[in-house]
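Report on the following structure.
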Amino acid sequence: MAESMTSLCTGHESSFGLSRRQLLNRFGMGLGGIALSDLLARSAGASSDSGSLRAPHFPGKAKRVIYLFMSGGPSQMDLYDYKPVLNKRHGEELPPSIRGNQRLTAMSGNQASLPMAGSPFKFEQHGQSGAWLCDRLPHLSAIADDLCFVKSMYTEAINHGPGVTFMQTGSPFPGRPSIGAWLHYGLGAANEDLPAFVVLKTAGKGGQPLGARMWGNGFLPSRFQGVRFRSGKDPVLYLNNPAGIDAAGRRKMLDRLNELHQIQLAATGDPEIETRIAQYEMSYRMQASVPEVMDMKGESSEIMQSYGLDIEKPGSFAANCLLARRLAERGVRFIQLYHPGWDQHGGLPGRIGSQCKEVDRPAAALVKDLKRRGLLDDTLVIWGGEFGRTSYCQGKLTEKSFGRDHHPRCFSYWMAGGGIKPGVSYGKTDDFCYNIAENGVHIHDFHATLLHLLGIDHERLTYRFQGRRFRLTDVHGHVVKPIVA
């Protein structure tokens, strides 16, 4: 038997009378049955893409994630982490005992002086939770009791490229699958007609470049990569039929192409051929589903106005937040919104005020909209960037303006819904907002908690690649249980 199996695997004739090519050809004959199962699943209203896990490891409280990623690194002590000591000691040198041996970026590492800079904004406590928020966030302040603030996030990355990559893939080095790709791989899709992983980026915003690797599939099969929706005439590139091709012609072309792909699949067994077939079929179905989800005409004027004046601008953060809600209620598993512009090395008071004006009302409206529709309980909303900012000034400290450098040692996030405890502030930084004083939350801990809320044991969602089993949390990570409801 061992010899027969060996010869079968090496492609030689075995006692079974089958060569490897014959075996693959016979397997190919079974593809019709697979296709029939797919059609039956669709007719029953289910998705045929059940994911590698088939089912979550345990009942998860979240079914989907909306991740509002503030690219550039928002300043934690100017938004959520109130530090009156910094204001009292404004302009004084940062004590060497606080800085320790931490390396600085080249942008402030050569400064002769590192004067501390207090926040120019006023802070007040809000809600029954007493959460501190700055006065540039009035709409988020009004829903403070729905939010969970994590003030003790930290990372090893000190520059944007590795920082964003680390936060989105669990590694500072390119080549790993993104969070959305892992979720699609593990849990599958809940809607046959839309991608499981959709990416939106605020239109017209400058800042650090955001490459496709941030929402890439890494070493997972390519069907798990995120699909970017754009503003304007063509939300998904190359989705529409070319001139002179109608829907019937497109369907015929895909059917004939599918037959050729099936022949090639039977001959080679290459799984990427299956991916190509699935992606062509998805794009065909998206020709109807994408225009429908992008059409906001059915939204009431009350809902539209709740997201703010920018809602009428295609690709604005407000429009993307509303689109995220529409995607979530249609079963999209992971929705990533990128909002660049938080890299305030100079002119911080004015620039951070503008950023807050762009995101405060839409983000709060999104949470309230989900809650009103009964979707917040099983939708996890996340807000945060790749790292924080320094409590000392970068460049010259003036009365009306200054900047802050990158700071990986501590920064703030907030989350809402999806099994997160509302009205909680977790973790604490020191009086200078420079080091973590209590309950540090590493990126791997954050990812482990995110997966836990979706019913996934982060140590068991793995993929074998180049002789090793990889996972989103690498070989680290602990679920932050005190913030789980």
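Could you tell me which numbered condition GLN262 fails, if it satisfies all but one of (1) touching a residue at least 12 places away in the same chain (Cβ under 8 Å); (2) under 22 Å from PRO195 (Cα atoms)?
(2)
Can you tell me which of (1) assigned to a loop (DSSP other than H, G, I, E, B); (2) touching a Cys at 6+ places or on another chain (Cβ under 8 Å) is the one LEU366 doesn't meet?
(1)
Okay, residues lined up against (1) surrounded by fewer than 23 Cβ atoms within 10 Å (Cβ to Cβ); (2) within 30 Å of SER119 (Cα to Cα); (3) modelled with pLDDT under 95; (4) within 17 Å of the chain's Cα centre (by Cα):
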site	(1), (2), (3), (4)
ARG330	yes, no, no, no
PHE334	no, no, no, yes
GLY341	yes, yes, no, no
LYS357	yes, yes, no, no
PRO362	no, yes, no, no
ARG373	yes, no, no, no
THR379	no, no, no, yes
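Report every pair of residues separated by at least 6 positions or lying on different chains whose Cβ atoms are under 7 Å apart, first residue within region 218-233 and surrounded by fewer than 16 Cβ atoms within 10 Å (Cβ to Cβ), second hydrophobic (A, V, I, L, M, F, W, C).
These pairs meet every condition: PHE219/PHE465.
State whether one or more residues within region 455-473 are aliphatic (A, V, I, L, M), within 30 Å of GLY127 (Cβ to Cβ) and at pLDDT 95 or above.
Checking region 455-473: not a single residue is aliphatic (A, V, I, L, M), within 30 Å of GLY127 (Cβ to Cβ) and at pLDDT 95 or above.
Would you list the helices (runs of 4 or more DSSP H) that sit entirely within region 85-203 and hold 2 or more residues that are surrounded by fewer than 22 Cβ atoms within 10 Å (Cβ to Cβ)?
Answer list for region 85-203: 96-99, 138-142, 160-169.
Taking GLY346 and the conditions (1) surrounded by fewer than 22 Cβ atoms within 10 Å (Cβ to Cβ); (2) within 29 Å of VAL290 (Cβ to Cβ), which numbered condition does it fall short on, given that it satisfies the others?
Only one criterion is unmet by GLY346, namely (2).
Does at least one position in region 333-346 carry a residue that is in contact with an Asp or Glu (Cβ under 9 Å, 6 or more places away or on another chain), assigned to a helix (DSSP H, G or I) and closer than 20 Å to PHE149 by Cα?
No; the residues of region 333-346 include none that is in contact with an Asp or Glu (Cβ under 9 Å, 6 or more places away or on another chain), assigned to a helix (DSSP H, G or I) and closer than 20 Å to PHE149 by Cα.
In this structure, is ASP474 assigned to a loop (DSSP other than H, G, I, E, B), of a type in the set (Asp, Glu) and within 20 Å of the chain's Cα centre (by Cα)?
Criteria met by ASP474.
The values are calculated or read from the model by the stated rules, or taken from the named source; none is laboratory data. In this text the structure is predicted, and so the values were computed from the model without any measurement. Every residue, glycine as well, gets a Cβ built from its backbone with ideal geometry; the counts of neighbours run over all protein chains shown.
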